[in-house]
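Shown next, in structure tokens, is the structure this report addresses.
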């Protein structure tokens, strides 16, 4: 064989080894031959594509990066050397060439983001010192971006945006570094830069996300004067929210993974808790759900209704909800398994901020507690509102018992997370409960009920009471048949049920001498939706929409506005129909819950030994933990107490409160 035949690669695996020696001599000067550059990009794209099919990358787990042994790197060895020391530096000298940019992005885009960002790190830190031409390109890009900052205004965004594209096309990291640096200092540049970004390539967006991560992770103080969020950090967080709202297909997972990794560091909670500001801005801008501390009377009452009423009364949601960014954010949380780590870590930060912090400012500690609590509620509301089926939400949650015992959450946080899916048997059942033991408990409870009924039959005075309870039980069965899966939560808290058996394991054993697990489970499983129907608010919102529809129908104007008015009228009519259906559904649920409470109230505190301590235990384990969650939970505590007193619950006295 001739020497060139020996070196000729026989497969894709040996191809990078054959390419590296001549590519090492070429270096960044490959830019002189665009055809060769394009061929290399396409060959490498095929190599990565084949490796990706051979070793499919598992989904990123929210707690750790994939380990090299479990997930073989797609970019390694000679392939990485050619890409980092030949292709990438050569691209910086190419000038404006959309075709070559697309070829390079088609290769790089197949890599997971952590391998792409490793490549970008070499590009920004080392590549520009390879030769004088590279240093010149960097200096020219910085100069042009700074000129862009001086010239841009609301009147010339289009022209300046196209100029910025030319500066950033072949050197996106340099341009994005300068832009992000300017945004962190000047808040008024956020909107002009966002408008200019619409002319950019997807490759530039990826470089922008990498640059944002670099700035978020830099060792600069995140607190201004020790009390408020630093100006630079707040600007970048707001920019991230607007950016991913407008361009949701950028690498959002990298930002959320960064937040998770920072929340894991519990040694400096006064610094790490600030990271939830970024998550708050992402949810606010992408999903239109804001973390609001002070709600008005109408908004607070609307929170006790269904999702449609909540949306209509939430006037604080200034940004219109868009389907595309909302769907991207939800898919990112669920597909990458980010949801559970975020919920658990934010709950831990909220609980530990008082004890694990270097600051002595009580105002700052309380501010960080409220901030983390608000974002946790905001995330929970977003997920529970936008997941189309609660079964999907249940798949991403462990059982309620594990949330408390394995993940060390407070029962209040665990019930907040799991409340929408408590009907799922896997969520309500503790892992230690076998099928046989649970069946035995149920059979025992059935025997006790039969014995109680036999005793009751001997009492002639209680016949009418027994008939009334039997009629109400029949009413519950009828309502359950009508509502199907939306069955009453009180039935989940019957003696021997999985939820009650799990609740017994969440608190110390002596607690159940003062309060029953059935009563405890009822309190934590219900919500304001179950105990009150805001019928007046429903009717006022329906009337408001009807008046709006009438005014739109009577208004006449330009033909161009007719389509908009027609679309708005259709929206009003659809919302009216949804509100009416939602009101009927909530009324049926309310009737069912109240009927179930009337039947079960006599057994809640019947076998309690220390009845004089029931009030204290109820306040300690039920009222106080829940009223500190949200304003609507505080209102629920008052309403629940009102309901159980109206029902004349035996052995529940207000004197001991």
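Values quoted throughout were computed directly from the atomic coordinates according to the rules given, and no laboratory measurement underlies them. A quick note: this is a predicted structure, and the numbers were derived from the prediction, not measured. Every residue, glycine as well, gets a Cβ built from its backbone with ideal geometry; the counts of neighbours run over all protein chains shown.
How would you rank 536, 588, 149, going from fewest to most other Cβ atoms within 10 Å of each one's own Cβ?
Working: 536 9, 588 15, 149 18.
Listed from fewest to most nearby Cβ atoms, that is 536, 588, 149.
Quick check for you: which residues of region 585-604 have the amide N under 14 Å from the point 7 Å beyond the Cα of residue 390 toward its beta carbon?
586, 589-590, 593
Over region 509-657, calculate the relative contact order: mean separation of alpha carbon pairs under 8 Å at least 6 apart, over the residue count, as a percent.
38 percent.
Modelled label-to-label distance, residue 33 and residue 536, 7 Å Cα→beta-carbon offset: nm?
For the pair residue 33/residue 536, the computed spacing is 8.2 nm.
Using Cα-Cα distances under 8 Å and only pairs 6 or more residues apart, what relative contact order does region 168-428 have, in percent?
Reported relative contact order: 17 percent.
Taking a ≥ b ≥ c as the square roots of the Cα gyration tensor eigenvalues, with a/c under 1.5 meaning rounded and otherwise prolate when a/b beats b/c, else oblate, which class fits region 503-656?
Note, shape of region 503-656 comes out prolate.
Going by average Cβ density within 10 Å per residue, which order do the peptides 635-643, 245-253 take, highest to lowest?
The packing order, highest mean first, is 245-253, 635-643.
Can you give the extra length, in nm with one decimal, that the chain gains between residue 648 and residue 156 once fully stretched, where that is 0.36 nm per residue apart less the Cα-Cα distance?
The span from residue 648 to residue 156 would gain 170.0 nm if fully extended.
What FRET efficiency do you get for residue 24 and residue 198 if R0 is 22 Å and r is their Cβ-Cβ distance, rounded to the nearest 0.05?
Numbers: r = 39 Å, r/R0 = 1.77.
Working from the Cβ atoms, E equals 0.05.
Would you calculate the separation in nanometres between label points at residue 166 and residue 366, each defined as 7 Å from the Cα along the Cα-to-beta-carbon direction?
Result for the modelled spin labels: 5.7 nm.
To make sure I understand, if each residue's beta carbon is the centre and we count other beta carbons within 10 Å, what order do 385, 101 fall in, fewest to most?
Exposure proxy ranking, most exposed first: 385, 101.
Mind running the shape call on region 610-657? Use the C-alpha gyration tensor, a ≥ b ≥ c as the square roots of the eigenvalues: rounded below 1.5 for a/c, prolate if a/b tops b/c, oblate otherwise.
The shape class here is oblate.
Where a ≥ b ≥ c are the square roots of the eigenvalues of the C-alpha gyration tensor, would you call region 168-428 rounded, which needs a/c under 1.5, or, failing that, prolate if a/b is larger than b/c, or oblate?
Taking the square roots of the gyration eigenvalues as a ≥ b ≥ c, region 168-428 is prolate.
What is the fewest-to-most order of 133, 275 by other Cβ atoms lying within 10 Å of their Cβ?
Final ranking by Cβ density, sparse to dense: 133, 275.
How far apart, in nm, are two points set 7 Å out from the Cα along the Cα-to-Cβ line at residue 408 and at residue 513?
My value for the distance between the label points is 2.9 nm.
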